[in-house]
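The values are calculated or read from the model by the stated rules, or taken from the named source; none is laboratory data. Predicted model only: the values in this text are computed from it and were never measured. No Cβ is skipped: glycine too gets one built from the backbone with ideal geometry, and neighbour counts run over all protein chains shown. Note: areas computed on protein heavy atoms with side chains; ligands, DNA, RNA excluded. Shrake-Rupley method; radii C 1.70, N 1.55, O 1.52, S 1.80 Å.
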Amino acid sequence: MKKILNTLLAILFSVTVSAQGNNYVQNYTKFEGLALTPPMGWNSWNKFGCNVDEKMIREIADAMVSSGMKDAGYTYVNIDDCWHGDRDSLGFIHPDPQRFPSGMKALADYVHSKGLKLGIYSDAGSQTCGGRPGSRGYEFQDAQTYASWGIDYLKYDWCNTEGLKAEGAYKTMAAALRKAGRPIVLSICEWGDDKPWEWGKTVGHLWRTTGDIYNCFDCVEDHGTWKSWGVMQILDKQEGLREFAGPGHWNDPDMLEVGNGMPVHQERAHFSMWAMLAAPLIAGNDLRSMSAQTKDVLTNREVIAIDQDELGIQGFKSSSLDSVETWYKPLKNGDWAICFLNRSKSPKPLQLKWADHSVEDSFAKRELNTKKDTYRIRNLWTKKDMGTTKGILKASIPGQDVLMLRLIKR
Ligand code: GLA
């Protein structure tokens with residue numbers, strides 16, 4: 001009898017403890033089911049830096065719709081650094097009352113009324129990179145606040161984080177967002193310092209792989225204590241990372257500089273390579289005043305389809321010959337994207353016999369075998385069909401430009 005009583009007491013105790021214990025268990029993982037293809041949208045930083053306000057954000061949302069960007073797939077309107085005002089006496093964060101007089105909830109309602117989503121920015125440290133209040137020590141409070149405003153996307157930066165470990169800091173914010181209960185995309189922005197591709201898959205939906213992009217095609221900008229990188233320099237830093245990306249967890253080579261002053265051939269090459277990388281397509285230009293040329297680049301649906309292919313397999317470089325790189329990306333239904341990137345400033349001739357041109361992708365377990373299979377060839381920038389892979393490909397690629405093709409399995 002005593003034994004039975006003891007057993008019953010033990011069961012009761014363990015049930016009580018585990019029920020109480022549940023209150024202390026956090027879920028340190030991101031929301032599943034978001035960003036199943038690389039996120040598409042816009043962010044204020046590359047063009048506007050700290051000059052953000054609600055009027056501009058509303059106008060950008062309007063322009064995203066009227067320019068056709070929304071129809072092409074762009075969804076997130078993301079406010080980067082410097083939207084912040086102060087914390088109140090209880091520690092709750094408020095937007096800058098001069099720049100955002102109607103408050104964030106009203107702005108989110110407006111953006112949502114256009115069928116778009118609103119993103120915001122914070123930092124795991126004591127202050128953001130722009131010197132605004134960071135979320136360190138306020139993670140759960142801030143996540144609740146963002147959720148109550150109706151925020152859909154959080155870019156979480158890494159300035160002023162002395163003594164913190166990235167994996168732990170980002171897991172804390174993931175748990176805080178979970179607890180707040182609103183599905184919010186978590187964009188890990190610690191510049192690749194602590195190899196987020198190795199631990200980020202369950203924590204966030206995308207992670208920056210490098211320091212900041214600089215608005216040039218092929219240059220390095222030295223700021224003294226840190227550097228920012230041109231399009232080609234960022235591209236080179238993606239080496240070896242493709243196996244870490246996939247639906248819901250993407251390598252992020254930083255936001256686009258398309259429309260911020262590069263000549264159109266460089267814009268085309270930049271956009272094509274981001275699509276080959278299955279990179280997030282976050283425009284960084286002024287959508288209200290972009291040229292027709294820039295708009296055509298950003299809304300090229302056939303190139304966007306390469307980026308957004310539902311298999312979510314990042315492309316890879318297979319060769320580099322006389323400044324021309326050949327990149328491949330396996331697509332659904334047995335299709336392939338091929339991008340020839342001419343990194344030099346002078347035009348380069350290209351001639352290849354398709355039958356001699358087979359590629360094996362052991363990571364994706366796919367083979368492009370033009371001896372066995374015939375593909376239709378589509379030029380994604382001229383938007384013209386170019387015959388089949390039964391023949392020879394002859395082209396000239398202008399300097400710092402691409403020839404981007406889709407091979408369509410017949
Ligand atoms: C860091 C990030 C940038 C931008 C700025 C804002 O440098 O990497 O993308 O968010 O901070 O201050």
Looking at (1) part of a helix (DSSP H, G or I); (2) open to solvent by 50 Å² or more (accessible area, probe 1.4 Å), can you tell me which one TRP274 breaks? (2)
Output the residues belonging to the stretch 118-137 that are of a type outside the set (S, T, N, Q), within 13 Å of the ligand (Cβ to nearest atom) and within 20 Å of the chain's Cα centre (by Cα). GLY119, ILE120, TYR121, ASP123, ALA124, CYS129
Looking at the structure I just gave you, is LYS165 in contact (Cβ under 8 Å) with a residue 60 or more places away in the chain and within 23 Å of the chain's Cα centre (by Cα)? no
Options ASP252, ASP222: the member that is surrounded by 21 or more Cβ atoms within 10 Å (Cβ to Cβ), within 16 Å of the ligand (Cβ to nearest atom) and closer than 27 Å to ASP286 by Cα: ASP252
Only one of (1) closer than 17 Å to MET276 by Cβ; (2) small (Gly, Ala, Ser); (3) under 17 Å from the mean Cα position of the chain (by Cα) is not met by GLY240, so which one is it? (3)
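Give the residue that is farthest from ILE234 (Cα to Cα), with candidates limited to residues of the stretch 192-210 that are open to solvent by 20 Å² or more (accessible area, probe 1.4 Å) and within 16 Å of the ligand (Cβ to nearest atom). Steps first, answer last, please.
Just the residues of the stretch 192-210 that are open to solvent by 20 Å² or more (accessible area, probe 1.4 Å), to begin with: 193-195, 197-199, 201-202.
Right, trim to within 16 Å of the ligand (Cβ to nearest atom) and you get 193-194.
Working: ASP193: 14, ASP194: 17 Å.
Taking the candidates together, the pick is ASP194.
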Residues satisfying the stated conditions in the stretch 177-191, i.e. farther than 19 Å from TRP45 by Cα and open to solvent by 10 Å² or more (accessible area, probe 1.4 Å): ARG178, LYS179, ALA180, GLY181, ARG182, PRO183
Of all residues in the stretch 288-308, which are open to solvent by 10 Å² or more (accessible area, probe 1.4 Å) and not in a helix (DSSP H, G or I)? ARG288, SER289, MET290, SER291, THR299, GLN308
The one condition VAL231 fails out of (1) closer than 21 Å to ASP401 by Cβ; (2) within 13 Å of the chain's Cα centre (by Cα); (3) within 16 Å of the ligand (Cβ to nearest atom) is (2)
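Mind checking which residues of the stretch 323-346 are among the acidic types (Asp, Glu) and either outside any loop (DSSP other than H, G, I, E, B) or closer than 17 Å to ASP236 by Cβ (or both)?
Kept after step one, since they are among the acidic types (Asp, Glu), are these residues of the stretch 323-346: 325, 335.
Residue satisfying the conditions is GLU325 alone.
Give the number of residues within the stretch 24-52 that are within 16 Å of the ligand (Cβ to nearest atom) and either open to solvent by less than 50 Å² (accessible area, probe 1.4 Å) or not hydrophobic (A, V, I, L, M, F, W, C) (or both). Working first, answer last.
The initial filter retains those residues of the stretch 24-52 that are within 16 Å of the ligand (Cβ to nearest atom), namely 39, 41-52.
Filter once more, keeping what is either open to solvent by less than 50 Å² (accessible area, probe 1.4 Å) or not hydrophobic (A, V, I, L, M, F, W, C) (or both): 39, 41-44, 46-52.
Result for the stretch 24-52: 12.
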Which listed residue is open to solvent by less than 10 Å² (accessible area, probe 1.4 Å) and within 11 Å of ILE93 (Cβ to Cβ), from TYR146, TYR138: TYR146
Among the residues of the stretch 69-96 satisfying the criterion of being more than 16 Å from the ligand (Cβ to nearest atom) and closer than 30 Å to ASP296 by Cα, which is surrounded by the fewest Cβ atoms within 10 Å (Cβ to Cβ)? ASP71
Is there a residue being buried (at least 22 other Cβ atoms within 10 Å of the Cβ), closer than 23 Å to ASP254 by Cα and not β-branched (Val, Ile, Thr) anywhere in the stretch 99-111? no
Among VAL303, VAL402, VAL297, the single one that is free of Cβ contacts under 8 Å to residues at least 40 places away in the same chain and aliphatic (A, V, I, L, M) is VAL297
